[in-house]
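I have placed the structure first, in the form of structure tokens, so that the comments after it can refer back to it.
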Amino acid sequence: MIKKKIKIAYYSGTGGTSRAAKYFAIAFNDDRHKIEIQQINSSTFDINNKYDLLILLYPVHAFNAPRAVYNWISHLEKVNNTPAVVISVSGGGEIIPNTACRRSSIKRLEKKGYTIIYEKMLVMPSNVMIETNETLARKLLEILPKKVFAIVEDIKKGVIRRTKPFFIDKIFSHIGEMEKFGTKYFGKKIKYTDACNGCGWCVENCPAGNITMEEKRPVFSNKCHMCLNCIYGCPNKALVSNIGKFLILKNGYNLKILENMGTLRETVEIEKLAKGYIWSGVKKYLLEDRDK
Ligand SMILES: Cc1cc2nc3c(=O)[nH]c(=O)nc-3n(C[C@H](O)[C@H](O)[C@H](O)COP(=O)(O)O)c2cc1C
């Protein structure tokens, strides 16, 4: 039997999207599919895009995809109607202005000859500006496999799912793209404190290749995507930013800690915990799941 080749390409800063990508690989793992999984960073490109289905995943950054994703798409060879699935992962869910977040990447993929057959937003705990309530964050992690398995089931059945962008999406999409200039500056302004022991974790785990080691201390360049992984992930909590401090969660961001708390025993009062417009996308996402 000829196996269908599936390419799963994902960008992830702090690990939410990489978890989703891994569940996609698990869900497709059977004797009819051959899976290739690739993490996108500033130096990974797809040199041989001969597969039957592309699944592209990325976190929403300022209502768009991170720069590395556009860069990765720009290096793809042209194809003739290869089907593609675009999955965005956000902290806020499918609400305006996030609804703009797949527009630019889809346009770029279509220019390369891909046919988008399915697009959807997954939700993970927010890693920027406003922290997701801990119980909701645990719930989001808990239901991620179920959400991914449901998408894969749809894809296997041939369900086509496209969302229609609102006019306002275009405006937000353009506004959000301006963040790309700010991210470079943000990266340049990251500093290490006395807590730094030169372990090199930040260098090894920066998807932008923005950090190098000089005299056993990190040096930050202007290639930052502002994924915040270095700041949250530093084992010694030794990195700080001189600008955009409001963007960084004061309690940090660590999905492993939430996962280690185990399964939620009580029924989560989603309506009570996800109040107001900014959490309305998260509420909808979690309640959708409850209805199934
Ligand atoms: C610079 C930056 C911008 C972000 N912008 C948005 C946004 O516009 N909308 C949103 O809902 N979440 C936003 N987020 C939150 C992330 O999309 C979310 O936490 C995601 O799960 C992170 O995925 P990762 O862990 O794979 O990096 C942003 C995060 C960062 C770091």
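Highest mean packing comes first when the peptides 130-139, 41-50, 156-165 are listed by Cβ atoms within 10 Å, giving 130-139, 41-50, 156-165. Once divided by 2.2 N^0.38 Å, the Cα radius of gyration of the chain becomes 1.00.
Given their separation in residues at 0.36 nm each and the Cα-Cα distance between them, Lys50 and Lys156 gain 36.2 nm when the chain is fully extended. The Cβ shell under 14 Å around Ile8 holds other residues with a net charge of +3, Lys and Arg each +1, Asp and Glu each -1. Here the dipole of the chain is about 540 debye; that uses its Cα centre as origin and unit charges on the Cβ of Lys and Arg (positive) and Asp and Glu (negative). Here's the picture: charge each Lys and Arg Cβ at +1 and each Asp and Glu Cβ at -1 in the chain, and of Tyr114, His174, Pro66 the one pushed furthest to the positive end of that dipole is Tyr114. Note on the range 178-255: dipole from Cβ charges, positive end direction compared against Asn210, Ile248, Asn229; the farthest Cα belongs to Ile248.
Overall, the range 4-174 carries a charge dipole of about 440 debye about its Cα centre when +1 sits on the Cβ of Lys and Arg and -1 on the Cβ of Asp and Glu, all other atoms neutral. Legend note: in the chain, cysteines whose Cβ sits 4.7 Å or more from every other cysteine Cβ are Cys101, Cys196, Cys199, Cys206, Cys224, Cys227, Cys234. Residue ranges 146-153, 187-194 sort as 146-153, 187-194 when ordered by packing (mean number of other C-beta atoms within 10 Å per residue, highest first). Short-range pairs are left out: with C-alpha atoms under 8 Å and at least six residues apart, the relative contact order of the chain is 19 percent. Amide H to amide H distances under 5 Å link Gln38 with Ile8, Ala9, Tyr10, where only residues 5 or more positions off or on other chains count and H is placed in the peptide plane.
Only the coordinates and a few stated rules stand behind these numbers; no lab work does. Quantities reported herein were computed from a predicted structural model and do not represent experimental measurements. Because the Cβ atoms are built from the backbone with ideal geometry, glycine has one as well, and the counts that use them run over all protein chains shown.
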